[in-house]
Amino acid sequence: MLTSCEIPDHSKEFITSICTNPKCGHNKLVCIQCQNEFHSKCTDHLLEIDNIFKKNLIDNMNWMNNTEVKKALQLLASKDITNGKEQLLQIYQDLINKEFDKLTEHFLQKIAKTKESIFHNARELYSTTNINLEGFAAELRKLYNIDALIDIIQSLGGRQTDLNTINRDLCTLFEEINLNKEAEKNLEDIAKNINSFTKYYTEINIQPFEDLKASLNFANFDRIPFRLWSWFPDVKSSFISLDETNMIAQKMSDSPAYTTAVLGTLALSKGCHRWEIELQTRDVENSWMCFGIIETHLVKKVTNFPYCKAMGVDTYGRLHNMESEGLLVNYDNKIYSCELDMDNGTFTISYQGTVIAKQDKNIKGKIVVPFGTLGEPGNWMRLHVLTPV
């Protein structure tokens, strides 16, 4: 039901909106005149009454003050995502299929053009080559007088075979053949053309095709935009072992240095990155571990690791180059959330949704890498990457 505004001089105007601006001190019920007089700066916070009854959240988001929530709603609405994360995977698969279909079409077109070019060259060669395949057999029979040779050989089976006569006829035949140099040269020229031309058309030098296959190098696709990083097998203490996924690091034996470390596979300089660190200690007395991020240029070794120069938290409850946002009773055997925003220069460590440590200085513009240090043998640290790179 439409209701008129109760402000004097506004009584003829119906209330059409609700102002959700937390900084606005005027009436929350807004008519057109109210909007012009009192709520000119509240445009992004006005919620139309008609939209309140709609189930579509995108039409009701003006009263939501959190920008990330609004961004998520707008993104889901723009992509028409309504069926959960499986739909995200399907959208991603469709995008990949579309791009690879384009690549396939591009390659097929290039291949078709290359094949036509090769065939064109072959046709040009064929039209300019002096080859007489049809006359080769006739010239051959003529030069070597095959018919006469057959007649002589056939006489071997006769009743009155005179071998001397046959032998003499063969010698005469061969002498005539050897003396016919002009016919032999003519046949040789035909044979040379046949050899080169037939070899060209019946054999292919496969090296250019091998070179072409080698040139189709798909190594760049290792850097696809949906890749997770892990602990780095090549940048860890020899006293630390990794599982087959390179996500779990465990201290295996005592070492001269207590602070043995493992680094992540990815140096980070831009973008927003989120990961979780799960800590498990062998027992309460041997609980020391530390995790966080460190500037790459500060890492000189992974034994006697310089964790004091890093930004992180250890299981004694000590913060390293971070500001305290809250304290825990103990820090052992927990799962922590790390969020690094290189674009805005912030790094936070949280436990169960509550930030316990924060650094918003001296990060932007630098290159950092996640790390973990393990104290006693038996301690282990599991990495769970939440955002692909």
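The values are calculated or read from the model by the stated rules, or taken from the named source; none is laboratory data. For clarity, every value in this text was computed on a predicted model and none was experimentally measured. All Cβ positions, glycine included, derive from the backbone under ideal geometry; neighbour counts span all protein chains shown.
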I'd like to know if segment 70-82 contains one or more residues that are without any contact (Cβ under 8 Å) to a residue 12 or more places away in the chain, basic (Lys, Arg), surrounded by 10 or more Cβ atoms within 10 Å (Cβ to Cβ) and more than 30 Å from Asn195 (Cα to Cα).
yes
Pick out, from segment 231-339, the strands (runs of 3 or more DSSP E) lying fully within it that include 2 or more residues that are more than 23 Å from Gly353 (Cβ to Cβ), in contact with a Phe, Trp or Tyr (Cβ under 6 Å, 6 or more places away or on another chain) and not aromatic (Phe, Trp, Tyr).
248-251, 260-264
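With Asp314, Asp341 as the choices, which residue is touching a Cys at 6+ places or on another chain (Cβ under 6 Å) and under 29 Å from Leu89 (Cα atoms)?
Asp341
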Mind listing whichever residues of segment 117-135 are within 59 Å of the chain's Cα centre (by Cα), assigned to a helix (DSSP H, G or I) and under 16 Å from Asn195 (Cα atoms)?
Ala122, Leu125, Tyr126, Thr128, Leu133, Glu134
Hey, any hits in segment 339-351 for a residue that's without any contact (Cβ under 8 Å) to a residue 60 or more places away in the chain, over 31 Å from the mean Cα position of the chain (by Cα), crowded, with 17+ Cβ neighbours inside 10 Å and on the phi < 0 side of the Ramachandran plot?
no
From Ala310, Ala261, Ala357, residue being touching a Leu at 6+ places or on another chain (Cβ under 6 Å), of a type outside the set (S, T, N, Q), buried (at least 16 other Cβ atoms within 10 Å of the Cβ) and in the same structural domain as Met381 (by TED's automatic domain parsing)
Ala357
Here is a check on your reading of the model: is Phe107 aromatic (Phe, Trp, Tyr), modelled with pLDDT of 80 or more, in the same structural domain as Asn195 (by TED's automatic domain parsing) and surrounded by 11 or more Cβ atoms within 10 Å (Cβ to Cβ)?
no
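Listed residues Phe174, Phe100; which is closer than 30 Å to Ser215 by Cα, free of Cβ contacts under 8 Å to residues at least 40 places away in the same chain and in a helix (DSSP H, G or I)? Working first, answer last.
Values: Phe174 fails: closer than 30 Å to Ser215 by Cα.
Going through Phe174, Phe100 in turn, just one is closer than 30 Å to Ser215 by Cα, free of Cβ contacts under 8 Å to residues at least 40 places away in the same chain and in a helix (DSSP H, G or I): Phe100.
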